[in-house]
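Asks: Shown below is the structure under consideration.
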Amino acid sequence: MCATRCAPLTALPGRAWELRDNCTPYDASYIALAGALDVPLVTADSKLKGVPRARCVVEVIS
């Protein structure tokens, strides 16, 4: 069973804004959330693996 964790939402918009030149706002939100929770971002979108300044590990699944 997985535990539920909370993230401080106030920091996420600012962090997503920092990534605005490197990915979509939608993707930036997930990257910001993964960074805030200090967990890897698991995605099927291989483009996210190369986002500069992502503060989380991006694991691409197929």
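Asks: May I ask you to compute the full-extension gain from residue 62 to residue 24, defined as 0.36 nm times their residue separation minus their alpha-carbon distance, rounded to one decimal in nm?
Replies: 11.6 nm
Asks: Still on this structure: Sort the following peptides by mean Cβ neighbour count (other Cβ atoms within 10 Å, averaged over residues), highest first: 50-62, 22-34.
Replies: 22-34, 50-62
Asks: Using +1 on the beta carbon of Lys and Arg, -1 on that of Asp and Glu, and nothing else charged, what's the dipole of the chain about the Cα centre, debye to 20?
Replies: Dipole size: approximately 80 debye.
Asks: In whole Hz, with x marking every Gly and Pro, tabulate ³J(HN,Hα) for the range 17-33 from phi via Karplus 6.51 cos²θ - 1.76 cosθ + 1.60, θ = phi - 60°.
Replies: 4, 4, 9, 4, 7, 10, 6, 6, x, 4, 5, 4, 5, 5, 5, 5, 5
Every read-out reported here was derived from the displayed coordinates using simple, explicitly stated rules and does not represent laboratory data. Treat the numbers as computed from the prediction; the structure is a model and nothing was measured. Backbone-built Cβ (ideal geometry, glycine too); neighbour counts: all protein chains shown.
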